[in-house]
Amino acid sequence: MVIENANVAEFLLDYSTQKMLHPFIGKEESVANAARILDLSISALLYRVQRLQEWGILTLVREEKRAGRPIKLYQTTTERFFIPFGVTRSETLEKFLVESKQQLETILTKNIAAVLQRTDLDFGMWIFKDEVGAICTQMATASDTILDFSQMQPAILDFYYPHLSLNQEDAKALQEELSGLIQKYAAKDGKQPYLVHIGLTPIKENFQI
């Protein structure tokens, strides 16, 4: 389904809306049960359901009869939605990408900070030249101690490395390996939700760090 309305696009790009849609994609679900799954109040979820129904994103599939009011079962009208950049209110493609990722970036940073704040350590930043001669900025716990994320509980990682120099073959191999890692662990079924962010891009000459 191609979204052609800027208001609908903005609503769907909101991470909380996407999370709310999850129980209704590809299956029938009641608002009450979806609210229980999502740990939301029925009234808060019902507001979004009604908005999305008005916009043709959700549809009332059927009603189950019972004593009192029947149970309404909803489902998305399709399992995929496409939001063209041109339909959004973003002035540039760069701004569109920034805005579409902003909520998740905030969630990532907020939760990493929460883990770090539960320790008794003082944090700062090291700026130094690494073993390959690249300038690095890395979180540290003292003037002589780089933070070792492998020792943190629970597992966290926040890392940028802006100094890779790769040929096309190696860059594509790295891309494939990183994607494979995500697919490998996406198949796990643990109890603790995690947010993972992986990015890779060539740097234009005028953007060299």
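Observations on the structure shown:
- With respect to the conditions (1) assigned to a helix (DSSP H, G or I); (2) at pLDDT 90 or above; (3) not polar (S, T, N, Q), residue 166 lacks only one, and its number is (1).
- Yes/no for residue 89 being outside any strand (DSSP E or B), modelled with pLDDT of 85 or more and touching a helix residue (DSSP H, G or I) at 6+ places or on another chain (Cβ under 7 Å): yes
- Qualifying residue in region 80-96 (condition: more than 29 Å from residue 34 (Cα to Cα) and of a type in the set (Ser, Thr, Tyr)): yes
- Selection of first residues in region 127-140 that are within 20 Å of residue 117 (Cα to Cα) and in the same structural domain as residue 158 (by TED's automatic domain parsing) and of second residues that are modelled with pLDDT under 75 and of a type outside the set (Asp, Glu), restricted to Cβ pairs under 8 Å at least 6 apart or on distinct chains, gives the following pairs, ordered by first then second residue: 138/146; 138/147; 139/146; 139/147; 140/146; 140/147.
- Among (1) crowded, with 18+ Cβ neighbours inside 10 Å; (2) among the small types (Gly, Ala, Ser); (3) within 16 Å of residue 81 (Cα to Cα) - the single one residue 34 does not satisfy: (3)
- Residues of region 147-155 include at least one that is aliphatic (A, V, I, L, M) and modelled with pLDDT of 75 or more.
- Taking residues in region 74-93 that are outside the structural domain of residue 29 (by TED's automatic domain parsing) and buried (at least 16 other Cβ atoms within 10 Å of the Cβ), and partners anywhere that are part of a strand (DSSP E or B) and not basic (Lys, Arg), not one pair has Cβ atoms closer than 8 Å while being at least 6 places apart or on different chains.
- Of all the numbered requirements in (1) at pLDDT 80 or above; (2) surrounded by 12 or more Cβ atoms within 10 Å (Cβ to Cβ); (3) in contact with a helix residue (DSSP H, G or I) (Cβ under 9 Å, 6 or more places away or on another chain), residue 171 misses one, and that requirement is (3).
The values are calculated or read from the model by the stated rules, or taken from the named source; none is laboratory data. Quantities reported herein were computed from a predicted structural model and do not represent experimental measurements. When we count neighbours, we look across all protein chains shown, and the Cβ atoms used for this are built from the backbone with ideal geometry, even at glycine.
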